[in-house]
Amino acid sequence: MVGPPTSQDTNDKLKALKDPMMHTQDKPQLKAEARNLSFYYGAAKALKGINMPIYDRKVTALIGPSGCGKSTYLRSFNRMHDLYPGNRYEGEIRFFPDNTNLLSAEVDPIEVRMRVGMVFQKPNPFPKTIFENVAYGLRVRGLTSKRLLEEKVEQALRAGAIWDEVKDRLQALAPTLSGGQQQRLCIARALATEPELLLFDEPTSALDPIATGAIEELVSELKKRVTILIVTHNMQQAARVSDYTAYMYLGEMIEFGKTDEIFFKPNDRRTEDYITGRMG
Ligand code: ADP
């Protein structure tokens with residue numbers, strides 16, 4: 001039951017007015033923002049002027065029918081398209097708190113990939129040991145101390161919720177793990193270098209329901225430490241794991257909002273048609 005306001009309540013309100021940090025506590029902070037982002041595969045325009053916020057330490061799901069540009073959009077965040085000739089971006093992806101434009105020609109894509117990690121549809125561990133899979137990115141970054149490497153590998157494997165299953169066989173080859181374990185290893189590998197944003201491209205589509213459940217649980221846990229952007233064709237998954245959802249169609253961002261609003265009261269007819277299964 002709500003009683004009359006006490007002097008403590010009034011004090012808190014006054015404090016909140018004076019303290020801008022307290023005032024904005026409930027408001028999510030921006031981690032990244034797409035601004036008028038377009039993308040071309042040669043002459044073909046795959047993304048059309050996308051504007052969208054990515055909130056800090058939240059999970060944002062990208063949904064939409066096959067071919068609408070979800071993967072293309074996701075891959076823009078770590079400059080994956082730069083690996084192929086003829087691809088071209090327009091617009092910006094701002095990254096915070098430093099307000100860097102990730103797409104700027106002055107920004108080295110390798111630097112971007114240090115801050116933005118990626119987990120693919122099919123688990124893709126290197127044909128190396130479990131330990132070396134996770135240590136790889138740390139070594140690339142110049143870490144040589146055996147003790148520190150061991151410490152960081154353990155931390156990442158714990159964060160990837162796979163430590164207990166592999167701690168006694170760190171020298172086994174990664175491809176000997178089950179599909180679900182391989183995917184959690186790939187997540188641990190991505191986490192080892194402490195990215196700020198983690199991109200997931202349909203990370204459970206090659207997994208059984210139990211392994212899928214484990215990854216979904218992990219995603220919900222990981223958002224305490226890292227911002228997550230996830231492409232999924234599974235609407236139940238989007239509803240289960242995400243805080244925000246964006247509906248894309250034919251290269252456009254049709255609607256973005258809180259996940260429950262997108263699913264229960266979408267503003268755009270096209271979103272509603274997709275959600276209710278009338279389209280796609
Ligand atoms: P989604 O992830 O929503 O299924 P994609 O981002 O894969 O969609 O594809 C968006 C559009 O870009 C589609 O028309 C697709 O055919 C096209 N496309 C995707 N990859 C390439 C590529 N490497 N070269 C040329 N066109 C591509």
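The values are calculated or read from the model by the stated rules, or taken from the named source; none is laboratory data. In this text the structure is predicted, and so the values were computed from the model without any measurement. Cβ: placed from backbone, ideal geometry, glycine included. Neighbour counts: every protein chain shown.
See the values below:
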| read-out | value |
| --- | --- |
| Hits in segment 207-256 - residues which are among the small types (Gly, Ala, Ser) and more than 21 Å from LEU157 (Cβ to Cβ) | ALA238, ALA239, SER242, ALA246, GLY251 |
| Tally of residues being touching a Phe, Trp or Tyr at 6+ places or on another chain (Cβ under 9 Å) and in a strand (DSSP E or B) across segment 49-72 | 11 |
| Contacts under 6 angstrom Cβ, first residue in segment 215-233 being more than 12 Å from LYS58 (Cβ to Cβ) and away from the ligand (no atom under 16 Å from the Cβ), partner part of a loop (DSSP other than H, G, I, E, B) and of a type in the set (A, V, I, L, M, F, W, C), 6 or more apart | LEU218/ALA161 |
| Condition met for TYR41 (aromatic (Phe, Trp, Tyr), under 26 Å from PRO203 (Cα atoms), modelled with pLDDT under 95 and surrounded by fewer than 15 Cβ atoms within 10 Å (Cβ to Cβ)) | no |
| Pairs, first at positive phi and modelled with pLDDT of 95 or more in segment 61-83, second assigned to a helix (DSSP H, G or I) and near the ligand (Cβ under 6 Å from one of its atoms), C-beta under 6 Å, six or more apart | GLY64/LYS70 |
| Residue satisfying all of: in segment 56-81; surrounded by fewer than 18 Cβ atoms within 10 Å (Cβ to Cβ) and away from the ligand (no atom under 13 Å from the Cβ); nearest to VAL241 (Cα to Cα) among these | ARG57 |
| Residue ID - nearest to the chain's Cα centre (by Cα), chosen from residues in segment 197-232 that are of a type in the set (Ser, Thr, Tyr) and crowded, with 22+ Cβ neighbours inside 10 Å | THR227 |
| Hey, ILE110 of a type outside the set (Asp, Glu), touching a residue at least 12 places away in the same chain (Cβ under 8 Å), assigned to a helix (DSSP H, G or I) and exposed (fewer than 14 other Cβ atoms within 10 Å of the Cβ) or not | no |
| Complete set of residues in segment 204-231 that are at pLDDT 95 or above and under 18 Å from THR72 (Cβ atoms) | LEU229, ILE230, VAL231 |
| Boolean, ILE50 is within 16 Å of the ligand (Cβ to nearest atom), over 28 Å from ALA188 (Cβ atoms) and of a type in the set (Val, Ile, Thr) | yes |
